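Step one of this worksheet: look at the structure below.
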Amino acid sequence: LLLRWRWRRGLWKKVNEARQRQERSLVQMEMAVRCFREQHPSVNMISILSLPLPELSKKLRDGSLPLEHVFYAYVAKALQIATETNCITEYLQESETQLQKAKRTGKLGLLYGVPVSIKDSIDCQGHDSTLGFIKNLNKPAAEDSVVVQVLRRQGAIPFVKTNVPVSLISYDCKNLIFGQTFNPLLYTRTPGGSSGGEGALVGGGGSILGFGTDVGGSLRFPAAFCGICTLKPTGNRLRPLAMNALFWSLPVVTAVGPMAKDVESLALCMRALLCEDMFSLDSTVPPLPFNEEVYSSTQPLRIGYYETDFFTMPSPAMRRAVRETKELLEDAGHTLVPFELTNVDYVFFNFCFGGVFADGGTSLLKKFKGELDKSVGLFFWLAKSPNWLKTVLSWIAKPFVPRFSNIVRSMKANTVDEVWSLHHEIEEFCHQFIAQWKKLNLDVMLCPMLGPAFGIGYPGKLSVAVSYTVLYNALDFPAGVVPVTMVTDEDEEELKGYQGYFRDWWDRTLAKAFRGSVGLPVAVQCVALPWQEELCLRFMKEVETL
């Protein structure tokens, strides 16, 4: 008992030190802003913050807008949003030095002088990448990840790191070190996750361009919940160097991508990143520069669409968002073709859950070993259970709660042969999906996006609701999110009849999570085939414009 008490005390000491560092970061930001305002009292920060990224970067490059005016305008706004939402974990004080260096050297990259925010899990030299784990505190990264290196070479100034949920396997944004992050649109709602700190900061206007990662919707949930845009590229189109070694790789592919208020900002970011620096720093990234011709094309598109995946019943607002977008696209001269999704339940349980927990949860247990936070309680308990107990539980639960039964079954430890078979099955599914796509002669796909933002705590109860997003991690297709509408009183009234497809505890909880959301944004997903990010962005731009 004494040893356990000493161990817990040591962990809490590390947590308190990290929280004090976070508080000091906010104080440093406040002092930097105060000092700037005293020296430049006439600077109109509101007008700077209102500029879209393409216009801002143009003014920075031609010298009509001083670098420090933009930098401190965003530091001030980020400080305000951090105070309201608890989204920032650390201020990168060396950004002030980089600012002065950029002024002296004048090397004009595409993102020259643009302040950018970085998700906790993406390495920045000299700073922790905690993933919400106490054990990762006081272990600063030895070097910048490739994405951060390329950003710096393009003139961007990373100035803050943002909060994440513990282990990144949640679409909420809470950990034991830095606490809960709140949605800037409504503080009783989650900002989404796992790039939730980025979503809150960009959605609140405290960052003009943010970077996160996506392993099952971790970019797309925060974008949809906070009313902004994002692009999850094909897994290897952009790649962080380390990302602090997540405990899974294939078959659910992780991607790094940008978040911004509009699609043109995402396109500018991709232009900047898909350069010789990216290709030389990471030889696993294919040397495919940004294809301007595809992005700027005005040819009518042939667009597949579906309103539901027949696994997670869409809310009335989600269904309406797809229908209204479909009608607008048709009116604009595009061809819309119904696309029939099949076996999403099999894909979800066997490929996604089964792929992530192919070792029976052993890697998950290792990551949480020596941690105080056991917030993924059910998965943690199942991971510790032997295979025979999982089999018995799955068999008992099947007649009453079939989805729980499938989750338990998918968490059984696999043999090497079974893992190889799983990879082969995923490959076969991908080929079949692409064959169906090609048969319909599609360019892109319009899909629902889960929303609006849930109340805090609901994502932890609704892990099964990620089916709309995780599908495109399993397929490794580029997928973007664009907000298109808001929840109306009519949606809220229609929600009273919501029952779900399984009518189980999860469906009843999902109905509660959707309620009371009038005025919150609802988005759609825009999807393209692998390596066609430019086409995906072009489609997103069309949706945004309409």
Margin query: Could you tell me the relative contact order of segment 359-413? Use alpha-carbon pairs under 8 Å, at least six residues apart, and round to a whole percent.
Written below: 40
Margin query: What are the ³J(HN,Hα) couplings of segment 332-341, residue after residue, when phi is run through the Karplus curve with 6.51, -1.76, 1.60 and θ = phi - 60°? Round to Hz, x for glycine and proline.
Written below: 7, x, 8, 9, 10, 10, x, 10, 9, 7
Next item on the list: Indicate, rounded to the nearest 5 percent, the antiparallel portion of the DSSP beta bridges found entirely in the chain.
Entry: 65
Next item on the list: Enter the Cα centre distance for the pair segment 384-456 and segment 96-165, rounded to the nearest angstrom.
Entry: 35
Check: How much of the accessible area of the chain, in percent, comes from carbon and sulfur atoms when a 1.4 Å probe is used?
Finding: 55
Next item on the list: Please give the FRET efficiency for K496 paired with K101, using the beta carbon to beta carbon distance and R0 = 51 Å, rounded to the nearest 0.05.
Entry: 0.30
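Relative contact order, percent, of segment 1-290 when contacts are C-alpha pairs under 8 Å separated by at least 6 residues?
Details: 616 pairs, mean separation 51.2, N = 290.
Relative CO of segment 1-290 lands at 18 percent.
Can you sort W420, W506, W12, W5 by 1.4 Å-probe accessible area, starting with the largest? Walk me through the intermediate numbers first.
Working: W420 175, W506 25, W12 85, W5 140 Å².
Solvent-accessible surface, decreasing: W420, W5, W12, W506.
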Margin query: At 1.4 Å probe radius, can you tell me the per residue accessible area of the chain in Å²?
Written below: 40
Check: By how many nm would the segment from A413 to R302 lengthen if fully extended, with 0.36 nm per residue of separation less the alpha-carbon distance?
Finding: 35.7 nm
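Relative to the present Cα-Cα distance, how much length would full extension add between H424 and E330 at 0.36 nm per residue of separation? Mind dumping the intermediate values first?
On the way: separation 94, 0.36 × 94 = 33.84 nm, distance 3.79 nm.
Difference between extended and current length: 30.1 nm.
Highest mean first, how do 363-370, 393-400, 114-121, 145-152 rank when packing is the count of other Cβ atoms within 10 Å averaged over residues?
On the way: 363-370: 15.8, 393-400: 13.8, 114-121: 28.2, 145-152: 23.4.
Highest mean packing first, the order is 114-121, 145-152, 363-370, 393-400.
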Note to self: What are the ³J(HN,Hα) couplings of segment 356-361, residue after residue, when phi is run through the Karplus curve with 6.51, -1.76, 1.60 and θ = phi - 60°? Round to Hz, x for glycine and proline.
What the structure shows: 5, 10, 4, 8, x, x
Notebook entry, point to check: To the nearest 0.05, how large is the calculated FRET efficiency for W5 and K512 if R₀ is 51 Å and r is the Cβ-Cβ distance?
Noted result: 0.85
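Taking 35 Å as R0, compute the FRET efficiency from the Cβ-Cβ separation of N138 and Q39 and round it to 0.05. Spell out each step's value before the answer.
Values: r = 35 Å, r/R0 = 1.00.
Result of the calculation: an efficiency of 0.50.
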Check: What pairs from K261/K438; K139/K232; K261/K461; K461/K496 go past 23 Å between their alpha carbons?
Finding: K261/K438; K139/K232; K261/K461
Checklist line | Pairwise label distance in nanometres, R503 with L288, each label 7 Å out on the Cα-Cβ vector | finding: 4.5
Check: Using the alpha-carbon centroid of each, what span in Å lies between segment 209-236 and segment 477-546?
Finding: 14
Next item on the list: Just order 160-172, 217-229 by mean Cβ neighbour count inside 10 Å, highest at the front, would you?
Entry: 217-229, 160-172
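Where in the chain are the DSSP H helices whose C-alpha atoms run 24 Å or more along the long axis and whose mean Kyte hydropathy is at least 0.0? All intermediate terms of the calculation are to be shown ahead of the outcome.
Details: long enough: 2-39 (55 Å, -1.14); 67-85 (27 Å, 0.47); 416-439 (35 Å, -0.56).
Helices passing the filter in the chain: 67-85.
Once every DSSP H run of n ≥ 4 in the chain is given -39500 (n - 2.57) and the sum is divided by its residues, what mean residue ellipticity at 222 nm do you get, rounded to the nearest 500 deg cm²/dmol? Walk me through the numbers before you get to the answer.
Working: 22 runs with 245 residues, N = 546.
Helix-only estimate at 222 nm: -13500 deg cm²/dmol.
So what is the relative contact order for the chain, in percent, with contacts set as C-alpha pairs under 8 Å and at least six apart?
Details: 1136 pairs, mean separation 83.3, N = 546.
That works out to 15 percent.
The values are calculated or read from the model by the stated rules, or taken from the named source; none is laboratory data. Everything numeric in this text was worked out from a predicted model, so none of it was measured. In this analysis, Cβ positions are derived from the backbone assuming ideal geometry, glycine residues included, and neighbour counts consider all displayed protein chains. What goes into the accessible areas is simple: the full protein's heavy atoms, side chains included, and nothing from ligands, DNA or RNA. Shrake-Rupley method; radii C 1.70, N 1.55, O 1.52, S 1.80 Å.
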